[in-house]
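Right, one structure below, let's go through it.
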Amino acid sequence: HTLPSNVKRIGSYAFYGCESLQLDKLPDNLIDLASYAFSGCTSLALTSIDNITKISTLDQSVFNGCTSLQISVIPAQIITIEAWAFQNCTGLTQITFKGTPATIHANAFKSCSNITEINVPWAEGAVANAPWGATNATINYGVTA
């Protein structure tokens, strides 16, 4: 399942609570992915967001409650991850950052109890608020892949 390739913006609350929404990937031309866009989409099982190269911010609660979300890589162009962006995304188990965000909110991964490992290319303390709410996670610093 895909959204049309000409979709450039997904507004706030666009798919909020659409529990049966299933997408294989987000549109490549996306330039805006607003807060709460997919919040509560429990069947959304995206495995990658690498193709959304024009997005630099993952807004507040954008994937909150997406319990089937399976992404494992945060692309290098993501420089800001807002509050609760991935809250309650219990399908996440390991996250690898390809770049160094300027800001990751203290609760970006709140209640992501199954994240056990976060791999980052920066040194400890370079990005504040670790482990960003993923309380069961071990952070591996200086990992480049």
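Observations on the model:
- Failed item in (1) of a type outside the set (D, E, K, R); (2) crowded, with 16+ Cβ neighbours inside 10 Å; (3) not in a strand (DSSP E or B), with A126 passing the rest: (2)
- Residue that is more than 18 Å from Y16 (Cα to Cα) and open to solvent by 20 Å² or more (accessible area, probe 1.4 Å), where the choices are Q70, Q60: Q70
- I139 meets each of the listed conditions (1) farther than 22 Å from S20 by Cα; (2) modelled with pLDDT of 95 or more; (3) assigned to a loop (DSSP other than H, G, I, E, B) apart from (3).
- Segment 20-32 residues that are outside any loop (DSSP other than H, G, I, E, B), paired with ones that are open to solvent by 90 Å² or more (accessible area, probe 1.4 Å) and at pLDDT 95 or above (beta carbon under 6 Å, 6 or more apart): D32/R9
- All positions within segment 86-112 that are closer than 17 Å to S61 by Cβ, out of contact with any Ser or Thr (no Cβ under 7 Å at 6 or more places or on another chain) and surrounded by fewer than 22 Cβ atoms within 10 Å (Cβ to Cβ): H105, A106, N107, K110, S111
- Extreme residue, farthest from Q70 (Cα to Cα), among residues of segment 107-129 that are in contact (Cβ under 8 Å) with a residue 24 or more places away in the chain and of a type in the set (G, A, S): A126
- Residues of segment 1-49 satisfying the condition of being closer than 20 Å to S72 by Cβ and among the acidic types (D, E): D24, D28
- Flag for I115 being among the hydrophobic types (A, V, I, L, M, F, W, C), part of a strand (DSSP E or B) and either surrounded by 17 or more Cβ atoms within 10 Å (Cβ to Cβ) or at pLDDT 95 or above (or both): no
The values are calculated or read from the model by the stated rules, or taken from the named source; none is laboratory data. Quantities reported herein were computed from a predicted structural model and do not represent experimental measurements. Neighbour counts run over all protein chains shown; Cβ positions are idealised from the backbone, glycine included. SASA here: full protein model, heavy atoms, side chains in, ligands and nucleic acids out. Shrake-Rupley method; radii C 1.70, N 1.55, O 1.52, S 1.80 Å.
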